[in-house]
1. With a cap of 13 neighbouring Cβ atoms within 10 Å, and only residues DSSP puts in a loop, list the chymotrypsin sites (Phe, Trp or Tyr not before Pro) found in the stretch 66-174.
2. Between the stretch 588-607 and the stretch 173-204, how many Å separate their Cα centres?
3. Compare Asp85, Asp55, Asp6, Asp187 by solvent-accessible area with a 1.4 Å probe and give them largest first, with all protein chains kept in place.
4. Angle check, please: helix 357-371 long axis (alpha carbons) against the longest principal axis of the chain (alpha carbons), in degrees 0 to 90, nearest 10.
5. Taking a spot 7 Å from the Cα of Arg664 along the direction of its beta carbon, which residues of the stretch 524-560 have an amide N less than 16 Å from it?
6. What is the sum of charges around Val438, taking Lys and Arg as +1, Asp and Glu as -1, for the other residues whose C-beta is under 13 Å from the C-beta of Val438?
7. Roll a 1.4 Å probe over the protein chains and send me the accessible area per residue for the stretch 125-172 in Å².
8. Using helices alone, I'd like the mean residue ellipticity at 222 nm for the chain: each DSSP H run of four-plus residues gives -39500 (n - 2.57), total over residue count, nearest 500.
Amino acid sequence: MGRFDDLDRLAITTLRALAIDAIEAANSGHPGAPLGLSPLGWLIFRHLRKHDPADPAWPDRDRFVLSAGHASMLNYGLLHLSGYDLPLEEIRNFRQWGSLTPGHPEVDHTPGVEITTGPLGQGLSTAVGMAMAERQLALRFNREGKTVIDHLTWVIASDGDLMEGVASEAASLAGHLQLGKLIAFWDDNSITIDGRTDITFTEDVERRFEAYGWHVQRVSDGEDLEALFEAAERAKADPRPSLIAVKTVIGYPAPKKQNTSGVHGSPLGAEEAKATKAAMGWEHGAFHVPAEVAAIADAIRAKGAEASAAWRERHAAWGEAEPEARAELERRLAGELPAGLEAAIPVFPADPKGMATRKASGAVLGHLAGVMPELVGGSADLAASNNTYLKGEGDFAARMERAPRNVHWGIREHAMAAACNGLSLHGGVRPYCATFLVFADYMRGAIRLGSLMRQPTIYVFTHDSIGLGEDGPTHQPVEHLASLRAIPGLTVIRPADANETREAWLAALASEGPVALALTRQNLPTLDRAAGLGDPAGTARGAYVLSEREGAKATLLATGSEVPLALEVQDRLAGEGVATRVVSFPSWELFAEQPADYQAEVLGAEGGLRVVLEAGIRQGWERWAGSNAAYVTLEHFGASAPAERLFEEFGFSVEKVAAVVKGRL
């Protein structure tokens, strides 16, 4: 058998037995993929992958992405047998409350798990971002004869992964960029939940990936370790991203259920589990790991420790020659912000004409780029509209001689968001991405996963309301602010002028989770804070009192482009003897983190009239508006017309808002 021996086969059988036992004990799970993929998984973890189980966060390790997250017991078995800190007791507690072995892998929950996977297509797409980060860091920090960044990203993807549109977007981009350190194995088992894949999926996947610009190979037998190894070696040597199609038998060697959809997502059952173990020649009790297999973990740990120690020696030698680069790399890998960040961004002067907050955001980003070299990102074919291009910083491309910081994502919003998760998970870069707010719908799956993983991607969403005007209702977001606010862990900030935009960027960079900035197409006045208005630094607290008149009878709660309107309404009502307060309310999530006394101070007396002004649906505002509330919101789609006409027609005018306030008082 060449480089492989009977011990490899015993380890593979042990993996299969552990998967059967864990899923049977939980009476829940997906046995088919772990059984069929055990040889490939073992090959990656023992023979192919550069990793150190004693140091799962070692920066130059090969990344491993189980895009087929339903095969989680394969991942857990591999981690346990490789010597990661995942005791056998955790395998016994598969899918149980508080265990380290949840139904689908979760990053920062289980030692050695690189990414939270489950929704199909996301893992492969996120891996593209990981490979992009590796390339960017290698170009930035490697020197001739001194290499500190040099690793691969390994992926196991299922039929379902390759059916999902996000994976097609990401694979297209990976081929375009020629990400040669991305190697994906396709578990071509021809089975999905509803039956054989040919009821829905008859395309020539290999030719499709060849058309994307990938290096494509086929291994006809997923049990053939030698063939799998040789294919992997050829993939490593090719400058293109690689897809290795591996023909496996789902559920092998279960006598009755292998190669059927019934083995995908349901336990084998006691009888079939017993028969499968018999077919494997497995005569041990549940959760048994033979001593000779357990001993392999020591060898894997020793090999990993040797590799990581060699890297640290190279890193130390490189660092002595490149002390500034070393300090930068260490800061970036630690996720620490550079010093002098706030001082690098100028304050915008008061200006009644002002500027669009998308333009202010672009100006802020341009200044940040000079002091924050880890900023990497771009737009989904809307860079000029989103104001997200970093001038003079180079573009990601198939061939690059310097570390690029701009990504032309193309019209691939979903893959853009998923790849940004990968950039962030990899470490060393701080990703941002941009499009129109209305197209956040195309990104939602990846944004949700990014929020679940607490990855601090910054989403720059411009054209944030009917204020974009003539493009009409297809491009005018109405429900999108509410939709994004509904995602746990995502901070949404809608600034009201250039200086709130400045503060919003600072808050976003300080955040430990993802942040969505909602920015205008149309100009907004840059407010004159010297005229007694509140400090825009209040943006970081989510809401603050912008203007208050003595004896106020109502509080106007406004966001974004509706804040200047609220100030005009305040002046109009003051002229009619009605005093009000104006609260700029850029972020619910940041405000929710504030102490109760601060919240009460900003919102005003409970029971007092609060009027919400926002050019979007009112859903969710009840939490802040209280029992005595009026709403000037938008509960329907927009229309095609100049922005000024739309705001007037839909009730966002000084006269109409003032009438609402007086009517309630």
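The values are calculated or read from the model by the stated rules, or taken from the named source; none is laboratory data. Keep in mind that this is a model prediction, so the values were computed, not measured. Quick reminder, even Gly has a Cβ in these numbers, built from the backbone with ideal geometry, and neighbours come from all protein chains shown. Accessible surface is based on the protein model in full, side chains and every heavy atom, while ligands, DNA and RNA are left aside. Shrake-Rupley method; radii C 1.70, N 1.55, O 1.52, S 1.80 Å.
1. Values: sites: Tyr76, Tyr84, Phe94, Trp97, Phe141, Trp154; in loops: Tyr84, Phe94, Trp97.
Passing sites in the stretch 66-174 are Trp97.
2. Comparing the Cα centres of the stretch 588-607 and the stretch 173-204, I get a distance of 50 Å.
3. Details: Asp85 110, Asp55 40, Asp6 130, Asp187 5 Å².
Ranked list, largest accessible area first: Asp6, Asp85, Asp55, Asp187.
4. So the helix axis and the longest Cα principal axis differ by about 50 degrees.
5. So the set is 552-559.
6. Numbers: positive: Arg444, Arg521; negative: Glu413, Asp441, Asp464, Asp471, Glu479.
Summing Lys/Arg as +1 and Asp/Glu as -1 gives -3.
7. Working: 1190 Å² over 48 residues.
In whole numbers, the stretch 125-172 has 25 Å² accessible per residue.
8. Details: 25 runs with 270 residues, N = 665.
After summing the helix terms and dividing by residue count, I get -12000 deg cm²/dmol.
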